[in-house]
Amino acid sequence: MKYFDYRSPDGDIAKNARVSAVGFGGMRFPVNEDKSINYDAAKALIDRAYEAGINYYDTAYPYHGGKSEGFFAEALAEYPRESYYLADKLPLWLVEDVSEVRKFFNEQLERCKTDYFDFYLCHAFTQARFEKMTELGVIDELEKLKAEGKIKRLGFSFHDTPVALEAILKGHKWDFGQIQYNYLDYTMQDAKRLEELLNEYNVPFLIMEPVRGGALVNVPEAGKKLLENEEGRSVPSYAMRFAMSASGVFCVLSGMKDFDALNDNIKTCESFREVSAEERVTLQKVADIIISARLLPCTECRYCEGCPAGIAIPETLKLYNTYMTTEDKGALRASVDKLAARPVACIACGACTSVCPQHIDIPEAMKTLAKLTEKKQ
Ligand code: SF4
Ligand code: SF4
């Protein structure tokens, strides 16, 4: 296993940590037909990850409908608590008063069956949320929990612009950050600038969405061809290595839903070498191919859940992306026929776009799909 040394920005050596280069994200466990976590399948993955040396486990209040935290508690119970790092996040969108911080925090401790979190994050900061939380006294309250030893390191996950990131970095002394970073977003969503800013402010960071919710696994054929190699390196391994090569990164999170993904990540860590200048040029070309294929950057985070028209948004956007790469209208129509709610049912209420961290114009995508699949239009 490859490890990174996390060094606390405040110089407190007690907070330093040796973190596995890949961390286990708790958002995409294997599930049963009713969408509940398939305990046996997910537990087997955790056991393999732990045995391979993965020591960072990342969960959050809403993952898997609130069941991810409890799953980790059960799955990791047999391992000494001090042998792994557990990360959890405060659901900021549910916090309207400072008194709610401890309410959620204590509930999370209970769900996770632990007394403390090694890493604790303000979940999904935008500049507006940061300002609101500062005003409510939420960040001061989290600092108190840190002083009480219940939070070892305090940070934030982030979905906004570089200007917003700078305001957040200026506004508080953070132990770490967490950003979306991959070779598609490097230029497309200014991830390069986010990396530079975190380094300027000396804040170590984690990376989420290294394979862009699968977009850098299922790359178009022309991109795959560019990544063919004699060493047996997989397509996603390039994305993982790109993320692990970022300056200031101390862990790359991956939501591994099967053994193929997990074993591939372990192999990538064990044979790690930084991406070369030549590989960077190739990856930029692959990114250009993906962008030109007009794929929507949905990461399947499911923040948009609860569409009033009953549309399963990430699944429907996946059909959109498949169509954009294959242009197979027949297959698209057949897939749409199987959906519980068709894209044409979209009433363009905008509820989904307002919460989508990728800023996808979802109603517009639904309109395009409706045109392609409704005979009368
Ligand atoms: S805009 Fe359309 S897809 Fe989005 S929540 Fe509203 S009805 Fe659903
Ligand atoms: S459409 Fe946006 S909010 Fe919904 S799953 Fe995709 S990335 Fe997440």
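Computed from the coordinates by the stated procedures, all read-outs in this text should not be read as laboratory data. Computed from a prediction, not measured in an experiment: that's the story for all the values here. All Cβ positions, even for glycine, are placed from backbone atoms using ideal geometry, and neighbour counts span all protein chains on display.
Things worth noting here:
- Flagged links, alpha-carbon separation over 25 Å, of LYS144/LYS170; LYS103/LYS192; LYS67/LYS338: LYS103/LYS192; LYS67/LYS338
- Over 29 Å between alpha carbons, listed pairs LYS43/LYS152; LYS89/LYS225; LYS35/LYS173: LYS89/LYS225; LYS35/LYS173
- Only DSSP H runs of four or more residues enter the estimate; each adds -39500 (n - 2.57), and after division by the residues of the chain the mean residue ellipticity at 222 nm equals -13000 deg cm²/dmol.
- Applying a DSSP loop filter and a limit of 14 other Cβ atoms within 10 Å to the trypsin sites (Lys or Arg not before Pro) in segment 296-355 leaves LYS338.
- Charge context of ALA340, other residues only, Cβ under 14 angstrom, K/R +1, D/E -1: 0
- Spatial offset of segment 309-345 relative to segment 144-219 amounts to 32 Å, using the alpha carbon center of each.
- By the rule of a second cysteine Cβ within less than 4.7 angstrom, the chain holds isolated cysteines at CYS112, CYS122, CYS251, CYS269, CYS298, CYS301, CYS307, CYS346, CYS349, CYS356.
- Antiparallel %, DSSP beta bridges [both residues in the chain], to 5: 15 percent
- Take the convex hull of the alpha carbons in the chain; its mean projected area over all directions comes to 18.5 nm².
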